[in-house]
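Shown below is the structure under consideration.
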Amino acid sequence: MDVPSIAGKSIGTVSALTLTIWLSAGTFFNSRTDSLGPQVGGLQFTDIQFEVGEAATEYDRRHPAIELALCQRYYQKSYNVDVTPGSVTNEGRVVWGTGSVSNSINRAYTPFKVAMRGTPSVGLYGAPSGANSVVSQADGSNVVASPEAIGESGFNVAWTNTNGQWGGWWHWAADAEI
C-alpha cells in the first residue's frame, strides 16, 4: 500500500501520519447474541521494518554490542545494565584512593565507555549507599561530591575527605538525551 502524496497539503503542528494495523482474533462466534465474543489480550511486535517500494528486503539486525554502544552515546552508567541508579550496590563502582593521604581535596577522572553525543548531565551516587551527590569514604560515610569538567569523553569527580578518611567510592549516570 502506498502512502498518499502530501503535495499541495498544509502541514501544521498537529499534523500526523497514522498507521493502523487491524488484527482479528479469529472467528469465535457467540450464537446467543449473534456477535463476536470479547477480544482481549496483549500483542507484542518485534522485527518490524517498513520498506519503500513493493519488494521486501532482509531484516536489518545489529549485533547487541553495537546496539548497546549506540545507545550509550545517549545514556551511560557505572551500574550493571539491570540496576537502577541510586541502588545500594558496590558492583561496577568507581574507586579512587591514596592510602596515606587523609582529610584532603580529591579529584578523579571518570572516563565514559564510549564518547557521548554531546555534553551530558552527570549524577553521582555513593557506593554502596546509593545516596545522591556524594562519594563514600573508606569508613562507608558519605561526603558531598560534584562532577566537574564534564565532556563527551568523561568527567572529574571532586570531593574533600573528612579528617582521618581517604579515597572515594562512587557510581555515576550520564544523560545526553536529545
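Please label the shape of the range 63-178 as rounded, prolate or oblate, based on the square roots a ≥ b ≥ c of the eigenvalues of the alpha-carbon gyration tensor (a/c under 1.5 means rounded; beyond that, a/b larger than b/c means prolate, else oblate).
Taking the square roots of the gyration eigenvalues as a ≥ b ≥ c, the range 63-178 is prolate.
Taking the range 42-98, which GluC sites (Glu not before Pro) meet the DSSP loop condition and have no more than 15 other C-beta atoms within 10 Å?
Taking the range 42-98 and a limit of 15 other Cβ atoms within 10 Å, the loop GluC sites (Glu not before Pro) found are GLU51, GLU54, GLU58, GLU91.
Here's a follow-up. Once the dipole of the range 37-142 is set up with Lys and Arg at +1 and Asp and Glu at -1 on Cβ about the Cα centre, which of GLN137, PRO85, GLN72 lies farthest towards its positive end?
The residue sitting most towards the positive pole is GLN137.
Same structure again: Magnitude of the Cβ-charge dipole of the range 88-158, K/R +1 and D/E -1, about the Cα centre, nearest 20 debye?
With only Lys, Arg, Asp and Glu charged at Cβ, the dipole is about 140 debye.
Label points 7 Å out from Cα along the Cβ direction at THR13 and SER146: separation in nm?
Label-label distance for THR13 and SER146, simple model: 3.7 nm.
Where a number appears in this text, it was derived from the coordinates with a stated rule and is not lab data. Everything numeric in this text was worked out from a predicted model, so none of it was measured. Note that each Cβ is placed from the backbone with ideal geometry, even for glycine, and that neighbours are counted across all protein chains shown.
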